[in-house]
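See structure below.
The values are calculated or read from the model by the stated rules, or taken from the named source; none is laboratory data. This structure is a prediction, so every number in the text was calculated from the model and none was measured. We place every Cβ from the backbone using ideal geometry, glycine too, and count neighbours over all the protein chains shown.
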Amino acid sequence: MFRVIDHPLAADLLTVLRDRHTEPPEFRETAERLGYLLVAEALTDMPLDEVEIETPLEHTTGHRLHRPVVAVAVLRAGLGLLESVLTLVPDAAIGFAGVQRDEDTAQPVEYYTKFPTLVDARVLILEPMLATGGSLSWAVGKVKENGARDITAVCVVASPEGVARMQLDHPDVRIVAATLDRELNDRFYITPGLGDMGDRLFGTI
Ligand code: URA
């Protein structure tokens with residue numbers, strides 16, 4: 001399942017991220033705001049448990065999330081969506097997938113992974129730029145090796161090539177994005193895109 005969020009706020013925030021004149025402080029804040037919409041969409045079908053509670057006025061039935069949420073940030077760019085998850089789901093456990101893109105081949109090269117318990121959790125993989133799909137496919141393979149079965153990728157910009165690759169490699173994984181862009185260029189950047197998300201977040205341009 002691939003879903004693009006269709007909301008005026010998402011379009012507005014995405015335009016700020018795309019603008020080359022947006023400096024890192026505003027870029028980070030805007031990514032966090034857009035992250036709220038993306039994470040809410042990624043949890044839209046979360047099963048709930050009924051719970052009995054007392055309001056100040058009377059007894060009522062409420063609902064709590066049925067299973068834990070784990071966010072796995074694909075380094076570095078995934079860090080830009082982490083605060084959004086932790087604000088909406090403060091008790092989410094956090095994992096990290098350190099993968100670097102080989103600049104010549106665009107193949108993922110692992111340098112660090114650390115995961116909490118993934119079994120029975122809704123696992124959100126934070127991979128803002130779904131370009132070739134190599135890093136996301138690799139990260140999904142890693143979390144599956146560690147027991148994850150309920151996986152949703154949270155992306156800001158997706159490319160048709162990346163979505164097609166994920167549908168081949170991991171058709172069971174849901175993908176939520178703020179946009180499906182036109183194509184990859186010959187350096188594997190998404191166009192029109194927003195440039196290198198890690199550089200834009202952390203000012204390393
Ligand atoms: N990673 C990015 O940060 N930007 C792209 O356009 C592609 C991959």
Of those in segment 32-74 that are hydrophobic (A, V, I, L, M, F, W, C) and surrounded by fewer than 17 Cβ atoms within 10 Å (Cβ to Cβ), the residue farthest from residue 92 (Cα to Cα) is 57
Within segment 1-31, residues being within 13 Å of the chain's Cα centre (by Cα), of a type outside the set (Lys, Arg) and surrounded by fewer than 17 Cβ atoms within 10 Å (Cβ to Cβ) number 1
Taking segment 51-79 and keeping only residues that are among the small types (Gly, Ala, Ser) and either farther than 30 Å from residue 141 by Cβ or out of contact with any Pro (no Cβ under 6 Å at 6 or more places or on another chain) (or both), one is left with 62, 71, 73, 78
Q. Residue check: is residue 105 exposed (fewer than 14 other Cβ atoms within 10 Å of the Cβ) and within 16 Å of the ligand (Cβ to nearest atom)?
A. yes
Exactly one of 204, 117 is of a type in the set (S, T, N, Q), more than 13 Å from the chain's Cα centre (by Cα) and under 20 Å from residue 28 (Cα atoms), and that one is 204
Among strands (runs of 3 or more DSSP E) entirely inside segment 98-205, those with 2 or more residues being at pLDDT below 95 are 108-114
Filter segment 168-199 for residues that are within 8 Å of the ligand (Cβ to nearest atom) and crowded, with 21+ Cβ neighbours inside 10 Å; the one that is nearest to residue 123 (Cα to Cα) is 197
Taking segment 40-64 and keeping residues more than 23 Å from residue 84 (Cα to Cα) and of a type in the set (Val, Ile, Thr) leaves 51, 53, 55, 60, 61
Of (1) of a type outside the set (A, V, I, L, M); (2) over 18 Å from residue 6 (Cα atoms); (3) touching a helix residue (DSSP H, G or I) at 6+ places or on another chain (Cβ under 7 Å), residue 36 fails just (2)
Counting only residues that are touching a residue at least 40 places away in the same chain (Cβ under 8 Å) and within 15 Å of the ligand (Cβ to nearest atom), segment 108-134 contains a total of 8
When (1) crowded, with 24+ Cβ neighbours inside 10 Å; (2) within 16 Å of the ligand (Cβ to nearest atom) are applied to residue 137, the one that fails is (1)
